[in-house]
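Rule-based calculations on the coordinates, nothing more; no lab input. Here the structure is a predicted model, which is why all the values come from computation and not from measurement. Cβ placement follows ideal geometry from the backbone for every residue including glycine, while neighbour counts extend to all protein chains displayed.
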Amino acid sequence: MQIKEKIREKYGRVAVLNESCCAPGDCGCGTPRQAAEMVGYDAKELAGVPEGSVLGVGCGAPLNFAGLKEGETVVDLGSGAGIDIFLASKTIGKTGRAIGIDMTDEMLSRARKNAAGYDNVEFRKGDIEERIPVDDGTADAVISNCVINLTTDKVRAFSEVRRILKKGGRMVISDLVTDSEAKSVDAEKWCSCIDGALTLENYLASIKKAGFSDVSVLQEQPYMQEGDGRKITSVVVRAVK
């Protein structure tokens with residue numbers, strides 16, 4: 001099975017069955033809400049978003065670093081059931097726009113059901129390493145939570161992010177990096193955000209190759225250790241167009 005098809009299958013199951021979570025250690029993480037709190041989400045803020053939007057599949061909390069302002073347009077790549085979109089919608093207000101992008105039909109269905117009553121959000125289907133369904137120069141900010149590592153062409157994905165940002169716009173993403181990249185590909189581990197992870201050096205180089213400037217690491221936290229000894233780290237990275 002192709003990696004992309006495997007990803008669709010796995011996260012389709014997550015959307016329908018709440019089948020898994022991605023908290024440090026990838027097990028024993030409790031409820032999706034508890035898993036979200038473990039990676040940096042605020043419990044009080046979570047109480048203000050639709051219950052069905054919290055799946056516990058992130059590796060960080062990029063909105064804590066995004067500095068969103070009222071009236072801005074924010075795009076969330078791999079938006080899932082919509083947790084970051086609904087949190088962002090409160091900050092950007094009625095004059096702002098929060099756009100979630102996901103390639104999994106089941107996730108989009110769940111997110112759109114969660115969006116009842118939210119006038120400043122929308123969810124679109126798209127593959128972020130082919131073409132993000134957003135016009136050039138639209139977004140003030142692009143966020144993503146443990147999704148870029150799932151792509152097979154990270155430079156292409158970052159180039160698409162740069163295309164949709166306004167000049168001076170910023171990208172703030174939480175993701176996983178590794179101290180040693182996988183020597184062979186295991187589709188299941190790729191879907192679990194492990195085998196697709198780059199070293200931090202190569203991850204940052206991919207961002208710069210896509211044309212970004214002011215690339216900086218805002219946070220680094222130990223995440224897990226693989227059975228083969230690889231150390232996985234959660235990072236928050238910011239870059240500017």
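Straight-line cross-link partners of LYS113 among the aspartates and glutamates, defined as a Cα under 17 Å from its Cα and at least 8 positions apart when in the same chain: GLU51, ASP84, ASP102, ASP105, GLU122. With K and R counted +1 and D and E -1, the other residues having a Cβ less than 14 Å from that of GLY117 yield a net charge of +1.
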